1. So, in region 41-65, how many residues would count as being under 22 Å from residue 146 (Cβ atoms) and either among the aromatic types (Phe, Trp, Tyr) or at pLDDT below 95 (or both)?
2. Residue 21 versus (1) β-branched (Val, Ile, Thr); (2) buried (at least 16 other Cβ atoms within 10 Å of the Cβ); (3) without any contact (Cβ under 8 Å) to a residue 24 or more places away in the chain: which is the lone unmet condition?
3. Residue by residue through region 1-13, note down the ones that are loosely packed, with under 15 Cβ neighbours inside 10 Å, of a type outside the set (S, T, N, Q) and modelled with pLDDT of 75 or more.
4. Scan region 52-93 for residues that are closer than 21 Å to residue 134 by Cβ, surrounded by 18 or more Cβ atoms within 10 Å (Cβ to Cβ) and either among the hydrophobic types (A, V, I, L, M, F, W, C) or touching a residue at least 60 places away in the same chain (Cβ under 8 Å) (or both) and report the count.
5. Quick test for you: out of 136, 110, pick the one residue that is of a type outside the set (Asp, Glu), crowded, with 21+ Cβ neighbours inside 10 Å, under 26 Å from residue 11 (Cα atoms) and under 13 Å from the mean Cα position of the chain (by Cα).
Amino acid sequence: MSSNTAAALSPAALQLGWAGILPFVAGALLIWGVSAEAHPYVALGLSAYAAVIVSFLGGIHWGLAFRETPPPPALLGWGVLPSLVAWVAVMMPPSAGLVIHGLMLLACYAVDRRVYPKHGAAHWLLLRFRLSSVAALCCFLGAAGA
């Protein structure tokens, strides 16, 4: 991480961001190692957690939108879309739903690369890239193991 980025992000944000990856890593590992009886619960847990995080990433756009008067409809619209997609994905079989979650994590990052700099939040992008990459990879590994 560059010194500018490191200085702009608080230690708490960095620690909590990386702590938020732990359920993704645990789910991706457990989906490959638990008994057949526990497998559906692990897969659902990973999918549900991914849905929560995808929804959170969309919600950030509402926060950005609220800083402007009137709030830009595009930010508000995008802020809702990830939650709707995640809701559908969490109800699907994990082999498909986790792929959708992984793709949404990457899509959220792609949108954020365009939006964050316009709203003074570009300093978050390196951390977002790292966290989203690990989370998406865990979703894809979980889907393969489902």
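The values are calculated or read from the model by the stated rules, or taken from the named source; none is laboratory data. From a predicted model like this one, the values you see are computed outputs, not experimental measurements. No Cβ is skipped: glycine too gets one built from the backbone with ideal geometry, and neighbour counts run over all protein chains shown.
1. Initially, region 41-65 is screened for residues under 22 Å from residue 146 (Cβ atoms), giving 41-55.
Among the residues that remain, those that are also either among the aromatic types (Phe, Trp, Tyr) or at pLDDT below 95 (or both) are: 41, 49.
Residues meeting the conditions: 2.
2. (3)
3. The answer is 11, 12, 13.
4. Residues of region 52-93 closer than 21 Å to residue 134 by Cβ: 52-60, 82, 85-86, 89-90.
Now drop any that are not surrounded by 18 or more Cβ atoms within 10 Å (Cβ to Cβ), which leaves 53-55, 57-58, 60, 82, 85-86, 89-90.
Keeping just the survivors that are either among the hydrophobic types (A, V, I, L, M, F, W, C) or touching a residue at least 60 places away in the same chain (Cβ under 8 Å) (or both) gives 53-54, 57, 60, 85-86, 89-90.
Of the residues in that region, 8 qualify.
5. Working: 110 fails: crowded, with 21+ Cβ neighbours inside 10 Å.
Of the residues listed, the single one that is of a type outside the set (Asp, Glu), crowded, with 21+ Cβ neighbours inside 10 Å, under 26 Å from residue 11 (Cα atoms) and under 13 Å from the mean Cα position of the chain (by Cα) is 136.
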